[in-house]
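The values are calculated or read from the model by the stated rules, or taken from the named source; none is laboratory data. In this text, all values refer to a predicted model and were calculated from it rather than measured experimentally. Methodologically, a virtual Cβ is constructed for each residue, glycine included, from the backbone with ideal geometry; neighbour enumeration extends over all protein chains shown.
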Amino acid sequence: MNAAVRQFKEQSRQVSGDLRHRKLIQTALGKYEVKRDEKKAAFQNWQAARQAAAETKWEAINHLDQHLVDLVRRLEARGTIVHWASTGEKACEIILGIVRDRKARSIIKSKAMTAEEIHLNEALEHAGFEVVESDLGEYIVQLRKEAPYHIVFPAMHLTRGEISELFARELGSAPTDNPEELTMIARRALRQKYITADIGITGANFAIAETGMISITENEGNARLTAALPKVMITLLGIEKVLPRLEDLALFLPMLATAGAGQALTCYNSLYGGPRQPGEADGPEQYHVVLMDNRRTELLADAEQRDALHCIRCGACLNVCPIYRNVGGHTYGTTYSGPIGSVITPHLRGLQDWKHLSYASSLCGACTETCPVKIDLHHHLLQNRRNSARQKPSTAEKMAFKIAGVVMNHPWLYATVKKAVRVFQPLHKLVKGTRLDPAYSWTQTRDLPSAPPQSFKEWWKDRAT
Amino acid sequence: MTITLFIPCFVDLMYPKVGISMVHILERLGHKVRCPEEIVCCGQPAFNAGYWDESRAVAGKVLDRLKDAEAVVIASGSCGAMLRVFYPDLFSGTVHSREAKMLAGKCHEFSDFLVNRLGVTDVGARFPARVTFHDGCHGLRELGNKKPARALLAKVRDLEFVEMKDAETCCGFGGTFAAKFPMISTAMGEVKCASAFATGAQYIVSNDSSCLMQVQGLLDRQKSSVKTIHLAEILAQS
């Protein structure tokens with residue numbers, strides 16, 4: 001068992017039995033569900049909108065070669081410096097290079113899952129630079145030296161009391177459980193950081209090929225400050241973020257807000273087309289865009305699961321996933337948690353090391369049903385299972401299925417096994433629920449039914465004679 | 001009509017009453033029922049675990065024995081989804097590809113068959129109790145069966161139906177998942193039971209015995225007085 005599996009098994013066992021955690025997450029996501037349904041109802045036809053979004057993303061991903069070239073050409077035409085990073089390490093190097101070049105000391109950053117993916121903050125801090133997260137949730141988890149708990153709600157697992165304690169400890173503020181006051185404490189600390197920062201790093205929600213623009217959508221205005229105040233702006237994004245046309249945002253912005261947070265539209269929606277142009281009053285002097293692959297092209301090469309690149313990182317699949325809701329975000333040990341994380345992590349970080357996430361699913365399909373861009377999530381989990389078993393089968397499991405197959409294909413043998421089950425059934429009572437019980441994984445928390453004296457097939461046969 | 005009834009292995013062994021109820025109901029409606037002895041398992045456990053060759057060894061027999069059937073009724077939404085949705089995937093690119101697609105079109109989960117194929121909602125049943133319904137995920141999302149079971153329950157005399165909150169949320173069974181990740185599975189089951197308790201129902205009904213095994217297993221451990229029952233068992237009562 002590798003470390004990732006052990007970690008997942010242990011933590012999932014612990015968190016899923018934690019009733020306080022269960023209640024906290026149920027309450028938070030219960031509120032989300034109400035808002036989401038309310039906003040979904042405002043769409044003329046939500047299902048048609050999903051279909052349109054899926055088709056647009058299909059077009060974007062299947063013609064990625066052309067759209068990326070268009071995007072870069074148009075970004076460069078307005079003086080943006082575009083970098084291509086084939087791996088996460090390369091992306092970190094490129095960003096470190098810019099930071100060193102500018103002799104920067106302090107960096108302000110808005111939310112970017114791609115930066116989490118490549119551990120950019122650690123790389124920058126290791127090189128001696130200060131990086132401060134400006135999104136409130138991200139700021140909180142950064143102060144706690146934790147990874148985000150959720151793609152969209154990084155600090156969803158914390159109560160106001162816990163945040164107040166954290167601020168008191170780290171920022172010396174007076175305890176309060178008033179959300180506005182807590183926000184003001186963070187705001188006061190962050191405003192200073194915006195002013196002193198030499199460089200602002202952002203992620204991106206969409207990249208528009210037609211106009212060469214980066215779309216960033218956020219609720220706190222922190223990304224706008226991150227982009228506007230420092231002299232240098234860097235945007236890090238995965239190559240799959242491309243949308244063909246500007247008008248596509250008319251669908252994708254409300255869709256992302258609705259699916260992700262139960263909002264009609266996110267509060268701030270900005271488009272960045274390049275550095276400050278002659279005659280313009282504001283904007284950064286220099287604008288860098290880092291386009292990152294980091295094994296996304298391997299997913300692109302997989303015709304069966306290519307649609308996983310449609311993902312707009314709304315987090316809707318996490319919110320409805322009964323596994324996520326019971327084990328929580330940190331248990332996955334991945335940047336991308338929940339169903340989408342279980343699908344793509346094996347592609348991004350290795351199938352054999354991360355296949356356990358594809359097995360840690362009841363295949364209920366709630367994720368696929370909710371996904372606004374119609375990624376066939378739960379069927380991709382099945383495909384990951386198939387691919388991993390094909391690549392490196394477990395001898396014991398393979399043998400078990402082979403033997404079961406022989407039994408199932410020979411009625412007399414199957415009938416004998418059934419009789420044996422009934423013979424040994426009374427003995428099972430002696431060990432039930434103990435470590436000697438072969439069905440312990442079931443019986444430690446649940447009772448097993450006992451097989452009645454006559455099976456259906458036996459009844460059917462009796463009846464015919 | 002001659003109906004071929006597919007009683008999956010665990011229903012055969014653990015829940016024979018479910019199959020027996022289906023036979024009685026279909027015969028009462030005037031149909032001829034056959035249950036080929038050689039059909040035991042649909043091959044889903046191996047399929048879901050990723051062992052598609054081993055799954056095909058079992059599924060291939062099923063395909064062969066059912067290909068000439070007029071209509072196939074499956075006593076489980078989950079196994080129904082296997083035949084209807086996943087066989088075409090499983091046999092895609094093999095010589096049986098066409099057969100698998102042909103068979104898929106003839107396969108129905110029991111409640112879907114009654115309502116959508118036979119056009120029957122009232123089977124003359126009476127069940128004096130307060131009940132709630134749990135949607136099995138495969139039946140609900142792979143087969144798209146939301147309405148048939150409710151339409152059938154609505155016509156049962158003296159039955160009081162209460163919809164639970166999150167009826168569509170998974171019970172946590174998920175086949176081998178329940179054994180591979182028992183504590184996650186249990187937590188999911190507990191959430192499901194809590195939703196059902198809130199309705200004050202005496203019975204949790206479903207059209208999948210596997211979900212009911214999970215829920216009943218938890219109820220028994222908690223010494224709860226709430227019981228689970230398969231939809232077919234209710235419909236067979238008069």
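Computed quantities for the displayed model
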{"read-out": "Tabulated pairs, segment B:195-223, first more than 10 Å from every other protein chain (Cβ to nearest Cβ), second outside any helix (DSSP H, G or I) and hydroxyl-bearing (Ser, Thr, Tyr), C-beta under 6 angstrom, 6+ apart or interchain", "value": "B:Ala196/B:Thr132; B:Thr199/B:Thr132; B:Ala201/B:Thr132; B:Ile204/B:Thr132; B:Ile204/B:Thr228; B:Asp208/B:Ser76"}
{"read-out": "Conditions (1) more than 11 Å from chain B (Cβ to nearest Cβ); (2) over 15 Å from the mean Cα position of the chain (by Cα); number of the one not met by A:Met399", "value": "(1)"}
{"read-out": "Subset of segment B:170-184 [touching a Ser or Thr at 6+ places or on another chain (Cβ under 7 Å) and buried (at least 16 other Cβ atoms within 10 Å of the Cβ)]", "value": "B:Cys170, B:Gly172, B:Phe173, B:Gly174, B:Phe177, B:Ala178, B:Phe181, B:Pro182, B:Met183, B:Ile184"}
{"read-out": "Subset of segment B:28-48 [at the interface with chain A (Cβ under 7 Å from one of its Cβ atoms) and among the charged types (D, E, K, R)]", "value": "B:Glu37, B:Glu38"}
{"read-out": "Exclusive hit being modelled with pLDDT under 95 and within 29 Å of B:Gly19 (Cα to Cα), set A:Ala439, A:Ala400", "value": "A:Ala439"}
{"read-out": "Tally of residues being within 12 Å of chain B (Cβ to nearest Cβ) and not in a helix (DSSP H, G or I) across segment A:349-370", "value": "7"}
{"read-out": "Residue count for segment A:236-271, restricted to those that are in contact with a Phe, Trp or Tyr (Cβ under 7 Å, 6 or more places away or on another chain) and within 24 Å of A:Ile107 (Cβ to Cβ)", "value": "1"}
{"read-out": "Qualifying residue in segment A:258-280 (condition: more than 24 Å from A:Asn319 (Cα to Cα), hydrophobic (A, V, I, L, M, F, W, C) and not in a strand (DSSP E or B))", "value": "no"}
{"read-out": "Hits in segment B:129-145 - residues which are exposed (fewer than 15 other Cβ atoms within 10 Å of the Cβ) and within 14 Å of another protein chain (Cβ to nearest Cβ)", "value": "B:Gly144"}
{"read-out": "Every residue from segment A:362-388 that is hydroxyl-bearing (Ser, Thr, Tyr) and in contact with a Lys or Arg (Cβ under 6 Å, 6 or more places away or on another chain)", "value": "A:Ser388"}
{"read-out": "Failed item, numbered, when B:Thr176 is tested on (1) modelled with pLDDT of 95 or more; (2) in contact with a helix residue (DSSP H, G or I) (Cβ under 8 Å, 6 or more places away or on another chain)", "value": "(1)"}
{"read-out": "Looking only at segment B:66-75, and only at residues there that are outside any strand (DSSP E or B) and modelled with pLDDT of 95 or more, the one that is farthest from the other protein chains (Cβ to nearest Cβ)", "value": "B:Glu70"}
{"read-out": "Some residue of segment B:165-172 being at pLDDT 95 or above, acidic (Asp, Glu) and more than 20 Å from the chain's Cα centre (by Cα)", "value": "no"}
{"read-out": "Qualifying positions in segment A:175-219 - in contact with a strand residue (DSSP E or B) (Cβ under 8 Å, 6 or more places away or on another chain), farther than 17 Å from A:Ser106 by Cβ and not polar (S, T, N, Q)", "value": "A:Gly203, A:Ala204, A:Phe206, A:Ala207, A:Ile208, A:Ala209, A:Met213, A:Ile214, A:Ile216, A:Glu218"}
{"read-out": "Sole residue being outside the structural domain of B:Ser209 (by TED's automatic domain parsing), assigned to a helix (DSSP H, G or I) and β-branched (Val, Ile, Thr), chosen from B:Val33, B:Val62", "value": "B:Val62"}
{"read-out": "Within segment A:296-328, tally of residues that are under 26 Å from B:Cys171 (Cβ atoms) and surrounded by fewer than 22 Cβ atoms within 10 Å (Cβ to Cβ)", "value": "0"}
{"read-out": "Some residue of segment A:159-179 being under 18 Å from the mean Cα position of the chain (by Cα), of a type in the set (Asp, Glu) and assigned to a loop (DSSP other than H, G, I, E, B)", "value": "no"}
{"read-out": "Matching residues, segment B:1-19, being surrounded by fewer than 24 Cβ atoms within 10 Å (Cβ to Cβ), facing another protein chain (nearest Cβ under 7 Å) and touching a residue at least 60 places away in the same chain (Cβ under 8 Å)", "value": "B:Met14"}
{"read-out": "Residue ID - farthest from the chain's Cα centre (by Cα), chosen from residues in segment B:196-210 that are over 17 Å from A:Arg446 (Cβ atoms) and crowded, with 18+ Cβ neighbours inside 10 Å", "value": "B:Thr199"}
{"read-out": "Residue in segment B:14-29 that is of a type in the set (Asp, Glu), outside any helix (DSSP H, G or I) and over 12 Å from A:Gly405 (Cβ atoms) present", "value": "no"}
{"read-out": "Residue within segment A:439-461 that is surrounded by fewer than 18 Cβ atoms within 10 Å (Cβ to Cβ), farther than 26 Å from B:Thr228 by Cα and of a type in the set (Asp, Glu) present", "value": "no"}
{"read-out": "Single match in A:Glu146, A:Glu165, A:Glu93, A:Glu117 (criterion: modelled with pLDDT of 95 or more, among the charged types (D, E, K, R) and touching a Leu at 6+ places or on another chain (Cβ under 9 Å))", "value": "A:Glu117"}
{"read-out": "Residue check for A:Leu377: in contact with a Ser or Thr (Cβ under 7 Å, 6 or more places away or on another chain) and crowded, with 18+ Cβ neighbours inside 10 Å", "value": "yes"}
{"read-out": "Some residue of segment A:274-296 being farther than 23 Å from A:Ile201 by Cβ, aromatic (Phe, Trp, Tyr) and in contact (Cβ under 8 Å) with a residue 12 or more places away in the chain", "value": "no"}
{"read-out": "Hits in segment A:256-277 - residues which are in contact with a strand residue (DSSP E or B) (Cβ under 9 Å, 6 or more places away or on another chain), closer than 30 Å to A:Lys31 by Cβ, of a type in the set (A, V, I, L, M, F, W, C) and surrounded by fewer than 16 Cβ atoms within 10 Å (Cβ to Cβ)", "value": "A:Leu265, A:Cys267"}
{"read-out": "Filter result (more than 7 Å from chain A (Cβ to nearest Cβ) and either surrounded by 21 or more Cβ atoms within 10 Å (Cβ to Cβ) or not acidic (Asp, Glu) (or both)) within segment B:49-64", "value": "B:Ser55, B:Arg56, B:Ala59, B:Gly60, B:Val62, B:Leu63"}
